[in-house]
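Q: One structure follows; several queries about it will come next.
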Amino acid sequence: MIATAAAVAFIFFSCNKKLSEAARLDLSQTPVQTVDSLFMVQTRNGGLRMRVEADVMERYDNDTCSFELFPSGLHVFAYSEDDMLETVLHSNNAKHFKSKTSDEEYWSAFGDVTVQNIVNRQTLETDTLYWDQASQEIYTDCYVRMYTEDDFMQGYGMRSDEMARNCILYRPFNSYVYVLQDSTKVVIDSVNFIGPLLKKR
């Protein structure tokens with residue numbers, strides 16, 4: 001009888017301990033979904049518009065908003081209207097936020113953010129970058145470095161269309177230009193280059 005009572009007391013104590021740990025769990029800090037090796041493709045009129053890759057995606061949800069975190073980095077490949085790879089983004093971290101109480105929605109990339117427009121041969125580097133899907137723009141207030149084949153620019157703040165075709169650099173400073181070009185140089189888009197079509201034998 002004493003042994004049975006002791007066993008019941010032990011089970012009750014163990015359950016209480018587990019319940020107290022569960023009660024202390026903050027569900028707002030716990031992802032409702034985790035995806036490993038994310039690979040997502042977005043199409044437009046049957047053609048490729050965007051490709052997104054990430055090692056890890058964590059989705060969170062609460063009463064006021066939902067958001068996805070990409071703690072191991074985000075890689076975005078954007079394609080032009082004729083299905084050519086035009087813009088590439090890499091970042092160490094990223095977040096997609098969507099409010100449930102308003103129309104607010106945005107993407108943010110942060111930590112060694114690099115945006116490369118392959119067509120314009122322009123590279124942009126910054127620490128934090130925002131993408132507004134509604135206005136189809138990317139922007140930042142942080143320090144920005146921009147490189148092209150002809151020059152280098154730096155400043156604080158930048159705004160551009162989402163494909164990084166027309167970047168406007170705000171508050172530039174100490175931007176130096178050093179041009180050294182070979183007039184016989186042949187430039188080939190090695191990313192989109194397929195090569196000659198060979199005859200079948």
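Q: Would you mention how many residues in the range 89-106 are within 20 Å of I168 (Cβ to Cβ) and either in a loop (DSSP other than H, G, I, E, B) or at pLDDT below 95 (or both)?
A: So the count comes out to 1.
Q: Would you say M158 is touching a Cys at 6+ places or on another chain (Cβ under 9 Å), more than 14 Å from L89 (Cβ to Cβ) and surrounded by 15 or more Cβ atoms within 10 Å (Cβ to Cβ)?
A: The answer is no for M158.
Q: Find all pairs meeting these conditions: Cβ atoms under 6 angstrom apart; at least six residues apart or on different chains; first residue within the range 65-82 and farther than 12 Å from S108 by Cα; second residue assigned to a strand (DSSP E or B) and of a type in the set (K, R).
A: S66/K98; F77/R51; Y79/R49
Q: Further question: How many of the residues in the range 112-140 are over 17 Å from the mean Cα position of the chain (by Cα) and either over 13 Å from V88 (Cα atoms) or assigned to a loop (DSSP other than H, G, I, E, B) (or both)?
A: Within the range 112-140, residues that are over 17 Å from the mean Cα position of the chain (by Cα) and either over 13 Å from V88 (Cα atoms) or assigned to a loop (DSSP other than H, G, I, E, B) (or both) number 5.
Q: Now, a different point. Name the residue, out of A164, A109, that is surrounded by 12 or more Cβ atoms within 10 Å (Cβ to Cβ), of a type in the set (G, A, S) and either modelled with pLDDT under 90 or assigned to a loop (DSSP other than H, G, I, E, B) (or both).
A: That would be A164, the only listed residue that is surrounded by 12 or more Cβ atoms within 10 Å (Cβ to Cβ), of a type in the set (G, A, S) and either modelled with pLDDT under 90 or assigned to a loop (DSSP other than H, G, I, E, B) (or both).
Q: Scan the range 178-196 and tell me whether some residue there is assigned to a strand (DSSP E or B), on the phi < 0 side of the Ramachandran plot, modelled with pLDDT under 90 and surrounded by fewer than 16 Cβ atoms within 10 Å (Cβ to Cβ).
A: No.
Q: List the residue pairs whose Cβ atoms are under 9 Å apart, where the first residue sits in the range 39-54 and is touching a residue at least 40 places away in the same chain (Cβ under 8 Å), the second is among the small types (G, A, S), and the two are 6 or more positions apart or on different chains.
A: From residues that are touching a residue at least 40 places away in the same chain (Cβ under 8 Å), the pairs are A54/S37; A54/S72; A54/G73; A54/A94.
The values are calculated or read from the model by the stated rules, or taken from the named source; none is laboratory data. This one's a predicted model, so the numbers in the text were calculated from it and none came from an experiment. Every residue, glycine among them, receives a Cβ derived from its backbone with ideal geometry; neighbour counts consider all protein chains shown.
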